[in-house]
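Student: Okay, handing you the structure first.
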Amino acid sequence: MRRSGFLDLNEVVQHPGRRITVPVSTSLESEEDLDLTRAVTGELSAVSTGNVLVLKLECATTAVVECSRCGASTELDLEIRMHEEFTVEGIPSAYAADSYAQVECEEPGLFQGNALHLEEIVRQGVWLSIPVQPVCGEGCTEGSAASEEPSSGHPGLQGLQRMMEEGMA
Ligand SMILES: [Zn+2]
């Protein structure tokens, strides 16, 4: 059923109401920007309504991220919860012998026909679960004073800014 990271969902797409749940376990080795201390593990379930393929991804991992305040490397437990819906075009073969339904996905790389690129959806889920400004601990206030200093902007733009101010005067 699995072929080079792809999960064939054709059975699900052709049989609305049929749900499959598969275990997920990947260390996302091809993702160089991610530093995971344990594999992403959990499960993915898929079911089609006939017109819509519904995917639910629930997994967990631990990533090493940089604290947005003090810059220290810190381990962060991540809970990945994803609910995605994809349009299904055509009539499922369960409804008519010579028909065929296929997932319509505009996002390149996610589907190949009715096969889902499992690693890709897990990769997206992990990135979405990482906070924009991770903090090493609740008490970390390091560097917060620095961020209160008034920004002087890009040095290259200061001259331009002065010229504009003078021009307006
Ligand atoms: Zn910190």
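The values are calculated or read from the model by the stated rules, or taken from the named source; none is laboratory data. This is a predicted model, so every value here is computed, not measured. Note: ideal-geometry Cβ built from the backbone for every residue, glycine included; neighbour counts use all protein chains shown. What goes into the accessible areas is simple: the full protein's heavy atoms, side chains included, and nothing from ligands, DNA or RNA. Shrake-Rupley method; radii C 1.70, N 1.55, O 1.52, S 1.80 Å.
Student: At most 16 other Cβ atoms within 10 Å and a DSSP loop assignment: could you name the GluC sites (Glu not before Pro) in the stretch 49-131 that fit?
Tutor: Glu106
Student: Next question, about the same structure. If we restrict to alpha carbons, what Rg and Dmax does the stretch 25-115 come to, in Å?
Tutor: For the stretch 25-115, the Cα radius of gyration and maximum Cα-Cα distance read 18.1, 62 Å.
Student: Taking amide H positions as placed in the peptide plane 1.01 Å from N, state which residues far from Gln112 in sequence (5 or more) or on other chains have amide H under 5 Å from it.
Tutor: Those qualifying (amide H under 5 Å, at least 5 residues apart or on another chain) are His117.
Student: Sticking with this one: Return the long-range amide H neighbours of Val24 (sequence gap of 5 or more, or a different chain), with a cut-off of under 5 Å between placed amide H atoms.
Tutor: Residues meeting the criterion, in which the H sits 1.01 Å from N, are Gly42, Glu43, Leu44.
Student: Please list Ile80, Ile130 from largest to smallest accessible area, probe radius 1.4 Å, with all protein chains kept in place. Can you show the working numbers first?
Tutor: Values: Ile80 0, Ile130 30 Å².
My answer, sorted largest first, is Ile130, Ile80.
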